[in-house]
Amino acid sequence: MAFFSTEGLSISFGGLKALADVSIDVQRNSISAIIGPNGAGKTTLFNCISGIYRAQQGRIIFKDKEIHRLPPHKIAALGIARTYQNVELFAHMTTMDNLMLGRHLFLKTGLLSGATLFHSRSRSARDEIANRDRVEQIIDFLELQAARNEFVSNLPFGTQKKVELGRALALEPELLLLDEPCAGMNVEEKQDLMIWLKDIQEEFGITCLLIEHDMSLVMEISERITVLNYGRKIAEGTPDQIQNDPQVLEAYLGGDDRAEN
Amino acid sequence: MDMKRSHYEDIRLFSSRVVFAWFLVFAGVLVSYPFAASWLGKNYYIYMANYMAINVIVAVGLNLLVGYAGQISLGHAGFFGIGAYGTVLLMTKLQVPFVLALPLAGLAAAGFGFLLGLPALRLEGPYLAVATLGFGLTVTQIIGRWDLFGGRQGLHAPPLALGPVTLAGDFNLYWLIVPTAVVMTMAARNITKTKVGRAFVAIRDSDVAAHTMGVNLTYYKTLAFAVSAFYTGVAGGLYAFALGFIEPQTFNLMLSILFLSMVVVGGLGSIFGSVVGAMLLSLLNLKLASVHTLPFLGPVLLQLSESWFTVSGLPNFQYIVYGLIMFLIIVFEPLGIFGFWIRTKIYWKSYPF
């Protein structure tokens, strides 16, 4: 049984079939990628997995549990975290608070215990401090120290992407969904990201599933690649297999129908 | 600049000794104020302070909902009314002692807040504004037409007994109302620094991201309404005694708008701003109500009002001035007094550059 899989996932918006019968398997502790031209349904797939959309057909199975009928916060509680293509940070919070929100499921402070935060040994203070320690480790790991107390809306886009990655890591997920993690990053940042993704996989034991347009990054770090086009899976396999797949080449570069005319 | 040595310094109530010292000064002023006022023979000043403190509670509670959780409410006069009538009725009809009646009325308001939070799960912006507006108007209509609530005639507040002591008069009430306001403001500030407050802001900034990070939107949105309604309900209960008499017309739409303007003028998403905004607008409200006593301007305005405006007379000017203030704040200082405060602080920190 696969660690994570989707089976025959379909969803359509009006007449548009955004996903048609998409089945993917993800092995535990691997890095897999989903690629495809714009509008292929990659982000829609992520939205289905994280519970924002409800698939009309098919199943999503995570650790032998059906999750396709659960609301997003329950899916997060099972250990699936994600980032967004266009960065969905809490713009008016500092980096620290954004990451602390990632600890939401681990914090036990309620309304009343929170309201009575009057000394450093109160329940809420101890709860906060313990989780701040964990967040601090993530800040060190992603080298976000300089941004620690900045409002995220004031940070450059590349840094915002890092903060978002950090927020997802703060959830201590088992499966991490990354939607174009290196969009808007410069070459140096991309190199860093590649190393971090490897570390996330090897040291934290987190399984990564990423959508990415940067082929050099995809080909270098992913073990398996799934290619979507017009909502359908057209190929899957290792980077080598994908690079030589005629259907993939056609999807990206266009077919040779012009030669026939 | 001193260095921070522990995470607790980030979240504690008084972020530095300077802030704590200022708090002590402020507390000293609060304690000596009623003595000074009664020494001067100005009992009215104590009533003003009570009125301000009540509005501070409402503004802080409303800011949790509007400024932090990003929901809108034009129906808070309804919660205020539920708190006021709830406290009085619990005491007169069921003989519940005040110390229980006030929190119970607050909880009743919170219950209605929860119910009003349910449509908020589906509605946003102007739609939610209309839904909450409907709620506020409904409450006014119901309490105005039901005999239990005294109908149009209103209700008199019963004598306020705290154990063996009976609190009567503005001076005595001050020691109930102002400490309540201080404690509730501190509690609100602590809420904003911990899990619940962070979840509120997360919902405001990006509810989709909050949801996928494990924040239960249903729970936290309704909680925001309930907490905000609780604050307003408690303030309403205190208001019944500060005024000594309640009638349905008090809890009208203009009151909801006044509450909202306190939050906006103070600064959305700032507890400190809410306190200042509430104090400032309460003061303005009381002053504008007696604008006709001004030496020269008063008679002119009265004349103007009588010849050009509706029969409601002078309150017209109150509303015009409010409208003007809101307008100027939105245009020139969208962050309200809090934004002005931040800019001043930055200016002096970096002076002379």
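The values are calculated or read from the model by the stated rules, or taken from the named source; none is laboratory data. Predicted model, so just to flag it, every value in this text is computed and none were measured. Glycine gets a Cβ as well: all are built from the backbone with ideal geometry, and neighbour counts include every protein chain shown. Accessible surface areas use protein heavy atoms only, side chains included; no ligands, DNA or RNA. Shrake-Rupley method; radii C 1.70, N 1.55, O 1.52, S 1.80 Å.
Numbers for the structure displayed
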quantity	calculated
Unmet criterion (only one of (1) open to solvent by less than 20 Å² (accessible area, probe 1.4 Å); (2) not in a helix (DSSP H, G or I)) for A:Ile138	(2)
Contacts under 7 angstrom Cβ, first residue in the stretch B:55-77 being assigned to a loop (DSSP other than H, G, I, E, B), partner polar (S, T, N, Q), 6 or more apart	B:Ile72/B:Thr132; B:Ser73/B:Thr132; B:Leu74/B:Thr132; B:Leu74/B:Ser256; B:Gly75/B:Thr132; B:Gly75/B:Ser256
Some residue of the stretch A:188-202 being open to solvent by 60 Å² or more (accessible area, probe 1.4 Å), over 21 Å from A:Ile225 (Cβ atoms) and touching a helix residue (DSSP H, G or I) at 6+ places or on another chain (Cβ under 8 Å)	no
Qualifying positions in the stretch B:153-184 - touching a Phe, Trp or Tyr at 6+ places or on another chain (Cβ under 9 Å) and hydroxyl-bearing (Ser, Thr, Tyr)	B:Tyr174
Hits in the stretch A:105-132 (condition: at the interface with chain B (Cβ under 7 Å from one of its Cβ atoms) and either in contact (Cβ under 8 Å) with a residue 60 or more places away in the chain or part of a helix (DSSP H, G or I) (or both))	A:Leu105, A:Leu111, A:Gly114, A:Ala115, A:Ser124, A:Ala125, A:Glu128, A:Ile129, A:Arg132
Filtered residues of the stretch A:203-216 (kept if out of contact with any Cys (no Cβ under 6 Å at 6 or more places or on another chain) and either surrounded by 14 or more Cβ atoms within 10 Å (Cβ to Cβ) or at positive phi (or both))	A:Phe204, A:Gly205, A:Ile206, A:Thr207, A:Cys208, A:Leu209, A:Leu210, A:Ile211, A:Glu212, A:His213, A:Met215
Subset of the stretch B:204-225 that is touching a residue at least 12 places away in the same chain (Cβ under 8 Å) and facing chain A (nearest Cβ under 9 Å) - its residue that is nearest to B:Val66 (Cα to Cα)	B:Arg204
Condition met for B:Ser290 (within 25 Å of B:Asn190 (Cα to Cα) and among the hydroxyl-bearing types (Ser, Thr, Tyr))	no
Residue list for the stretch A:133-147, restricted to those being more than 10 Å from chain B (Cβ to nearest Cβ) and either under 18 Å from B:Arg189 (Cα atoms) or not polar (S, T, N, Q) (or both)	A:Arg134, A:Ile138, A:Ile139, A:Asp140, A:Phe141, A:Leu142, A:Glu143, A:Leu144, A:Ala146, A:Ala147
Residue satisfying all of: in the stretch A:81-98; over 15 Å from the mean Cα position of the chain (by Cα) and facing another protein chain (nearest Cβ under 7 Å); most open to solvent (accessible area, probe 1.4 Å) among these	A:His92
Residues satisfying the stated conditions in the stretch A:220-238, i.e. farther than 25 Å from A:Phe13 by Cβ, surrounded by fewer than 17 Cβ atoms within 10 Å (Cβ to Cβ) and in contact with a helix residue (DSSP H, G or I) (Cβ under 9 Å, 6 or more places away or on another chain)	A:Glu220, A:Glu223
The stretch B:131-173, residues that are exposed (fewer than 14 other Cβ atoms within 10 Å of the Cβ) and closer than 30 Å to B:Gly70 by Cα	B:Thr138, B:Gln141
Helices (runs of 4 or more DSSP H) wholly inside the stretch B:193-294 containing at least 2 residues that are open to solvent by less than 10 Å² (accessible area, probe 1.4 Å), of a type outside the set (Phe, Trp, Tyr) and closer than 30 Å to B:Thr87 by Cβ	B:195-205, B:217-243, B:253-266, B:271-289
When residues of the stretch B:174-192 are limited to those that are facing chain A (nearest Cβ under 10 Å) and among the small types (Gly, Ala, Ser), the one most open to solvent (accessible area, probe 1.4 Å)	B:Ala187
Close pairs (6 angstrom Cβ cut-off, 6 or more residues apart or separate chains): of a type in the set (A, V, I, L, M) in the stretch B:332-350, open to solvent by 100 Å² or more (accessible area, probe 1.4 Å) and not in a helix (DSSP H, G or I) anywhere	none
Residue that is most open to solvent (accessible area, probe 1.4 Å), among those in the stretch B:1-53 that are under 24 Å from B:Ala187 (Cα atoms) and not in a helix (DSSP H, G or I)	B:Lys4
Output for the stretch B:147-185, where each listed residue is acidic (Asp, Glu) and touching a strand residue (DSSP E or B) at 6+ places or on another chain (Cβ under 6 Å)	none
Residues of the stretch B:106-124 satisfying the condition of being at pLDDT below 90 and either touching a strand residue (DSSP E or B) at 6+ places or on another chain (Cβ under 6 Å) or of a type outside the set (Lys, Arg) (or both)	B:Pro119, B:Ala120, B:Leu121, B:Leu123, B:Glu124
Residue within the stretch A:95-115 that is polar (S, T, N, Q) and touching a strand residue (DSSP E or B) at 6+ places or on another chain (Cβ under 6 Å) present	no
Options A:Leu171, A:Leu105, A:Leu111, A:Leu101; residue that is over 24 Å from the mean Cα position of the chain (by Cα), within 26 Å of B:Ile191 (Cβ to Cβ) and not small (Gly, Ala, Ser)	A:Leu111
Test: A:Leu45 is out of contact with any helix residue (DSSP H, G or I) (no Cβ under 7 Å at 6 or more places or on another chain), within 27 Å of A:Asp192 (Cα to Cα) and more than 7 Å from chain B (Cβ to nearest Cβ)	yes
Qualifying residue in the stretch A:168-186 (condition: touching a residue at least 40 places away in the same chain (Cβ under 8 Å), part of a loop (DSSP other than H, G, I, E, B) and among the hydrophobic types (A, V, I, L, M, F, W, C))	yes
Looking only at the stretch A:52-80, and only at residues there that are within 13 Å of B:Ala210 (Cβ to Cβ) and of a type in the set (A, V, I, L, M, F, W, C), the one that is farthest from the other protein chains (Cβ to nearest Cβ)	A:Ile52
